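The values are calculated or read from the model by the stated rules, or taken from the named source; none is laboratory data. Predicted model only: the values in this text are computed from it and were never measured. Note: ideal-geometry Cβ built from the backbone for every residue, glycine included; neighbour counts use all protein chains shown. We work out accessible area using only protein heavy atoms, side chains counted, and drop any ligands, DNA or RNA first. Shrake-Rupley method; radii C 1.70, N 1.55, O 1.52, S 1.80 Å.
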Amino acid sequence: MQAPSLLRRAAVAGAPAPEQLHVQFGADAAAQIAVSWAAAAAVSGPRLRAGRADGGLGIEVPAQERVYADALTGETVWTYHARLDGLEADTAYAYEVLHDGAEPVPGTFRTGPRGRSKGFRFTSFGDQSIPAPVGRGLGPASPNAAYVVDAVDALDPLFHLVNGDLCYANVTDAPVATWAAFFANNMRSARHRPWMPAAGNHENEAGNGPQGYLAYQTRFELPDNGSGRFRGNWYAFTVGPVLVLSINNDDVCLQDGGFSDYRRAHLPGYERSGLDSYISGYSGGLQRAWLQQQLAAARGSDDIDWIVVCMHQVAMSSARFNGADLGIRQEFLPLFDAYGVDLVVAGHEHHFERTFPVRGILPGSALLTPAPRSFDPSQMDTRDGTVHMIIGGGGNSTPTPAASFGTPHDGVLITGVGAGGPARARRAVKITEPAPWSAYRDLTSPYGFASFDVAPAEPGGTTSITITHYGAAAGSADYCPLDQFVVRKPLRGSRCAGLAAGRLAQAR
Ligand SMILES: [Fe+2]
Ligand SMILES: [Fe+2]
């Protein structure tokens, strides 16, 4: 019975090499890792060997094969995923991936710390793209998409958050090659530390699965969210006292962000099949219910000090580029308020901007404009509200134009969509609003990323995250620290819990 399967396997001699190697945390970063890779054809015996870096590769586990056929080009993509559980916390591991007839490809990773035992660093950006054009060059490739990988890696983060619009596969004539270029470019970092993604509007490849996310879902092995259909679209993982929630805003956004002229014109049977990239509301409330459950559990736990949300489209922006989306304010911000989300990292807008802590809305605001609750741009207490960051200069070739930062310093909000439909992008309806929430924006650096240094327990009973934005010029590999601020608050259960962190910081 195995003969048909064996027949379509590549001959063991001359088997394609493992490629596009990358690691991901499981739900418990202290104990769980998934290692993923791809191959140019189906392979036999895909497996992972791993062990502590100071020992041998004593663990061997088989990898699961997951395959998809790209709707635009008809190409088949073979991916392999091996999961490890029961690992030791805060420990360096070495591994190699292999299959029959191929040389092993090595990597390393480090598990997360347990509880508040140790500080750590993570990094984040969105909207990366790839370093050089593929196919007809329709995607937003730029050299900075490569430079930023080395800049991130130089800081040796424990993990990295990719805030959506990974490689813009949905706008190209060569989506499979674009994904391959993305992983080939990032693998020198991502095979040594998890690059944990959020799905953005440019991961929506109409025709690849019901919501267009089949390539994204197949290529990553992300923590389970309990819904088979939407696996990977949203998920959670815990690192020390930090809970990271990756969510998919296309489920709630009003903007038609996934439409691709190229796919509409070239994908066989696009209109006949009834394809439509507009997927707002696709989970039918399932994602929101999951998010609420996760937030409630985290706020009921004495083990979680920080809740960080990684998402793509933004709730606030002061650029006349995409704009923020009212759908996020309607669906997600009330949950962020109710359960005290500390930090949001996003992209979509291709620049750097950050807010004061926001909670609730400006009095009487029909646009649900978030209300700032404190006004020190360098020291913030997230008990006052949620700090949002736009970090969308990851590498794509279309930074937010300088002219988009107009005077006055207004917010820009998408409140709906106008004419359009499955075969023509729906036009976004935008409005401007006051932006008292805007704490800082970088008008000059087209490219950048942010680092987050988590101090789990400080003298005096506080915990903090020091956040630094690094910026670079177009075509430059020189990323410099340009902006820094600190979020600080009392540890859960600390006897100092009543003392505002800002006042504590000033007393030092
Ligand atoms: Fe983008
Ligand atoms: Fe986007």
At a temperature of 37 °C and a viscosity of 0.692 mPa s, determine how fast the chain diffuses translationally according to Stokes-Einstein, using the Kirkwood radius over alpha-carbon pairs as Rh; express D in µm²/s, rounded to the nearest whole number.
-> 142
Give the long-range amide H neighbours of A428: residues separated by 5 or more places, or on another chain, with amide H under 5 Å away, using H modelled in the peptide plane at 1.01 Å from N.
-> G418
Show that you can apply the helix-only estimate: for the chain, add -39,500 (n - 2.57) for every DSSP H stretch of four or more residues, divide by all residues, and state [θ] at 222 nm to the nearest 500.
-> -4500 deg cm²/dmol
At a temperature of 37 °C and a viscosity of 0.692 mPa s, determine how fast region 177-266 diffuses translationally according to Stokes-Einstein, using the Kirkwood radius over alpha-carbon pairs as Rh; express D in µm²/s, rounded to the nearest whole number.
-> 226
For region 164-224, would you read off the P(r) tail past 18 Å as a percentage of all alpha carbon pairs?
-> 30
For Y440, residues with placed amide H under 5 Å, excluding near neighbours | R354
Give the accessible area for S445 in Å² (nearest 10); use a 1.4 Å probe, count only protein heavy atoms, and leave out ligands, DNA and RNA.
-> 20
Karplus-derived 3J(HN,Hα), 6.51/-1.76/1.60, for each residue of region 237-246, Hz, glycine and proline x = 8, 10, 10, x, x, 10, 9, 9, 10, 9
³J(HN,Hα) across region 275-281 via Karplus (A = 6.51, B = -1.76, C = 1.60, θ = phi - 60°), whole Hz, x for Gly/Pro?
-> 5, 8, 7, 7, 10, 3, x
Counting Lys and Arg as +1 and Asp and Glu as -1, what is the net charge of the other residues whose Cβ lies under 9 Å from the Cβ of I414?
-> 0
10 Å-binned pair-distance histogram of region 201-330 (Cα, whole percent) | 12, 38, 34, 14, 3, 0
nm² value of the averaged projected area, convex hull over the Cα atoms of region 39-181 = 10.3
Using alpha carbon centroids, what distance separates region 123-187 and region 31-109, in Å?
-> 21
Counting only DSSP beta bridges with both partners in the chain, the antiparallel fraction in percent, to the nearest 5, comes to 75
Per-residue HN-Hα couplings for region 62-73, Karplus 6.51 cos²θ - 1.76 cosθ + 1.60 at θ = phi - 60°, whole Hz, x for Gly and Pro?
-> x, 9, 8, 8, 10, 10, 9, 10, 6, 5, 6, 9
Got a sec? What order do K118, K489 fall in by accessible area at 1.4 Å, biggest, i.e. largest, first?
-> K118, K489
For region 258-374, what is the accessible area per residue in Å² when the probe is 1.4 Å?
-> 33
Of the listed peptides 149-157, 328-336, 253-261, what is their order by residue-averaged count of other C-beta atoms within 10 Å, with the highest listed first?
-> 253-261, 328-336, 149-157
Amide H proximity to Y447 below 5 Å, modelled H, separation 5+ or other chain, gives A472
Computed magnitude of the charge dipole of the chain (debye, nearest 20; Cβ of K, R +1, Cβ of D, E -1) = 580
Normalized C-alpha radius of gyration of region 386-496, against 2.2 N^0.38 Å?
-> 1.44
